[in-house]
Structures are given as structure tokens and as C-alpha cells.
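Below is one structure, written out as C-alpha cells, with a few remarks after it.
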Amino acid sequence: MQGKRIVLGIGGGIAAYKTPALVRQLVAAGMDVIPVMTESANHFVTTTVLTTFSGHRVRNDLWDLEAERSMGHIELARWADTLLIAPATANLIARLANGLSNDLLTTLYLATTAPTVVAPAMNLEMWNHSATKRNIGVLETDGVSIIGPDYGEQACGETGPGRMLEIEDIVSHLLVTTDPIDTPMTGLRVLVTAGPTRESIDPVRYITNSSSGKQGYAIAEAARDAGAIVTLVSGPVALPPPKGVQQINIISAAEMKSAVLDIANDIDIMFGVAAVADYRPTHSEPHKIKKMYRNGSPMSIELVENDDILASVAALSDPPYLVGFAAETQSLVKNAVQKRERKCLDAIVVNDVSDHTIGFDSDENEVTLLHAHGETTFDKSPKAEIASKLVAAISELYTSNRT
Ligand code: C5P
């Protein structure tokens, strides 16, 4: 996206300290950036550093007549190919949602016809507040792309949703959304679970399965490339984290369920690709189980069923569009149809794991996508190709489901 012109609106939140690095990366990616700060942003970052990195005079005052003479605010609004607002505080989001134009940045928002991308950043309770949710809903209705926030540790010491999306993710979002109308998942928040889970028997032993995570990771990358903001909740695998994707690593099914439920309310589409262990040991021994105490007598491990993660998400009052995966060895379609209904899924992807050239741990796959209106088979091909086709098909189904 060489030469794309970005007006970077900076709100007065602690995450503003990251904006010099954001400007550097946007410029390094070939973009021309003019920073515009709100009054409170001046408390977190200096105009000097932003001017140095952007190569433009920073704008922070609607009444700066000298700056207005060189480029008036309406001219600046027309100059922008994209208005990126990062970080967007709760206050700034409220002002944008209500069409206030009481400073330069909010005036630019009303005056520009360029696509607007907003990266919220605030304390988790502020993010979860119904007023903020309402304002975000208004911005979305007005056609603004909301990217993030991320889940994680916050400046206030709490952990949860509210961190500004990582800089790399913001940049890659702007890079992939070269034409927001043509990228099928632009602005959608997609959650992917991938890999196996490990259910602990004792500190050194566990129950798991041979899922490699390859298909889930490929789907996370395909959704990212389609313009989505992607969170990947991953079990233990030997794959590098995909770039531009927020990753949460977990070990057990219980941890995966908790990570998923923490963010599921803010998700548009969920792909449950993980091979979640159906059972876990009733007790995980605190110390390594010793062979010598057993005197050769048989040993058994009592198992208890894990909660079904997809079913727990389906039970939410406003669940995301849910795509499950079914690894089957017989009666593929019949079992998958039943599974889709039992788990209240919108769609299910089934593959034959008895064929070792596809599915678990192999690089290729052949799958059938089943949904309420029919089925499509994607012939044997690399998992990345299967992923792109699935993402394209699901974004179409998602869109038709909404209209
Ligand atoms: O019932 P089965 O395990 O075959 O269902 C597979 C699908 O359900 C996958 O999408 C998997 O991610 C999901 N699943 C789940 N929670 C479980 C077990 C499976 O979400 N405890």
C-alpha cells in the first residue's frame, strides 16, 4: 500500500506512548502519516518525537492559524486516504459517536469521507461499560472499522480486554485493507482455536492428541489476510505465531474455555478448529506418580468429561457465527450433520482422519463444509489453500446470515 495517506488521530490514553513507534512502522510500510493529537494526548507523547518520525508538523489545535494557513482542516480531511484513530479513549469514542466536533480530531472525523479505523484502548471496566458498548455500536453502524482492543495486562494492573491492538497488528490491518470493500472480512473480529489440549495426569505426564495446529493456524492467517482482526487461542504446538494475529497460548481444555469465553462476546465469527480433549483426569496428582508403589497391579486413571467449548459459546445470549470442525473416521457427513445440530453450530467442517495423507499432522487436507443451506467439498490441497477457501465461504455465509 505504497503512498497511502494516513491521518493518525491520537487520543489521550496511556497507549499514546506507543504512537511514535506506530508512526515509524507506518512510514516504514510506505505510508505518509500526519499525526493529529487531542489536547489530553499531549500529556502522554510529545509533538517533537511525532514530528521527527512522521516528517510532518503535528496538528493539535483547531485554532492554530499558522498551521491552518499551510493546510486547513478541511483540506487535511480531504488529504487522508484513511483516518486512523489510535489510541481511541472512551471519551474520544463517545465524542465521535455523538458527532461532536469540539476539537481538530473530531472535526476531521466529521469532515472526511475517507474510511475511519478506530483502535480503542482503555481500562477493561470502561470497555465493558454499556455506554462504551453503545457508542462502539453507533460507530460500527456509521461504517467505522473497530480494530481491537486486545486482551491482556493493562497499565492499571488488571488483565482483560482493553489494551490497544499491538502496533504490528494495526499496521498489518492497514496493509491488508487496501480496498476495504473488496476484503471479505474487513473489520470483523474472528476467533480461532487451534492445536490440541493437554490434560495433566501428574507434573510430567498428560493426555493429548496428535493435532499439529496447522489447519487452525492457516485459518487464522487466511482470516487476517481477508481483513479480519484475529485472535488465536492455541494449545501447545510447534508452529511460529502468525504475524498480525493476537495469540493466547493455553495448555488445557479448561484454560481454552476460559480464554475463549473471556472474549467471545466481542467476536463476530469463531472457528473452533482445536482438537479439544474430551476427557481429563479427575485428579491431577501434585507429585509424579511412582511406579514402585504399584507392585505390578493394574493402574487406572479415572477421567471426567471436559465442557464443550463451542457449546458454551453457542449458549451465550448473542453468540458469534460458529464454525465447528469434526474429525471423523466413518459416516462422515451423517455424523457431522448430527454434531452441527447437537452443538448449535452455524456450520461444520468435516474431514476423514482415517486417511493419513490428510487431516491431523499432515500438510494437506480435504474437507466438506456443511451448513443450513447445503454442503461444499474442498478437494485435497495444502491446508493454506483449504483455509482461504473456507474463510471465503464462511464470510459469504456470515454476510448472508446478517442480511
Ligand atoms: O465432538 P467433537 O470433539 O468431535 O467436536 C469437534 C468440534 O467441537 C471442534 O470444532 C472442536 O474444536 C469442538 N470442541 C469443543 N470443546 C470440546 C470438544 C470439542 O469446542 N470439549
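The values are calculated or read from the model by the stated rules, or taken from the named source; none is laboratory data. Keep in mind it's a predicted model, so treat the numbers as computed, not measured. FYI the Cβ positions are ideal-geometry reconstructions off the backbone, even for glycines, and counts take in every protein chain you see. Surface accessibility is based on the protein's heavy atoms, side chains included, excluding ligands, DNA and RNA. Shrake-Rupley method; radii C 1.70, N 1.55, O 1.52, S 1.80 Å.
Restricting the search to the stretch 267-303, which residues are more than 21 Å from ARG198 (Cβ to Cβ), in a loop (DSSP other than H, G, I, E, B) and not charged (D, E, K, R)? The answer is ILE267, ASN295, GLY296, SER297, PRO298.
Go through the residues of the stretch 49-60 one by one and say whether even a single one is at positive phi and assigned by TED's automatic domain parsing to the domain that holds SER130. Checking the stretch 49-60: at least one residue is at positive phi and assigned by TED's automatic domain parsing to the domain that holds SER130.
Scanning the stretch 260-277 for residues that are of a type in the set (A, V, I, L, M) and either out of contact with any strand residue (DSSP E or B) (no Cβ under 9 Å at 6 or more places or on another chain) or more than 12 Å from the ligand (Cβ to nearest atom) (or both) yields LEU261, ILE263, ILE267, ILE269. GLY244 passes every criterion in (1) in a loop (DSSP other than H, G, I, E, B); (2) crowded, with 21+ Cβ neighbours inside 10 Å; (3) within 11 Å of the ligand (Cβ to nearest atom); (4) of a type outside the set (A, V, I, L, M, F, W, C) apart from (3). Remark: pairs (first residue in the stretch 109-126, in contact (Cβ under 8 Å) with a residue 40 or more places away in the chain and among the charged types (D, E, K, R); second residue open to solvent by 10 Å² or more (accessible area, probe 1.4 Å) and part of a helix (DSSP H, G or I); Cβ separation under 6 Å; 6+ apart in sequence or on different chains) are absent. Filtered by the rule that a residue be surrounded by fewer than 22 Cβ atoms within 10 Å (Cβ to Cβ) and within 12 Å of LEU83 (Cβ to Cβ), the stretch 98-137 gives THR106, THR107, LEU110, ALA111, THR112, THR113, ALA114, PRO115. I want to confirm something. Restricting to the stretch 117-144 and keeping residues that are at pLDDT 95 or above and among the hydroxyl-bearing types (Ser, Thr, Tyr), which single residue is farthest from the chain's Cα centre (by Cα)? In this case the residue turns out to be SER130. Could you tell me which residue of the stretch 306-346 is farthest from VAL273 (Cα to Cα), considering only residues that are acidic (Asp, Glu) and more than 8 Å from the ligand (Cβ to nearest atom)? This residue is ASP318. Summed over the stretch 212-256, the residues that are in contact (Cβ under 8 Å) with a residue 60 or more places away in the chain and among the acidic types (Asp, Glu) give a count of 2. Applying a threshold of 8 Å to beta carbon distances and a minimum spacing of six or more residues, or different chains, the list of pairs starting in the stretch 332-344 at a residue that is in the same structural domain as THR377 (by TED's automatic domain parsing) and ending at one that is buried (at least 18 other Cβ atoms within 10 Å of the Cβ) and part of a helix (DSSP H, G or I) reads LYS343/LEU310; LYS343/ALA314; CYS344/ALA314. Among the residues of the stretch 182-219, those identified as assigned to a strand (DSSP E or B) and either buried (at least 20 other Cβ atoms within 10 Å of the Cβ) or outside the structural domain of ASP363 (by TED's automatic domain parsing) (or both) are ARG189, VAL190, LEU191, VAL192, THR193, ALA194, PRO196, GLU199. Checking the stated criteria, VAL367 turns out to be under 21 Å from VAL273 (Cβ atoms) and either within 13 Å of the ligand (Cβ to nearest atom) or under 27 Å from the mean Cα position of the chain (by Cα) (or both).
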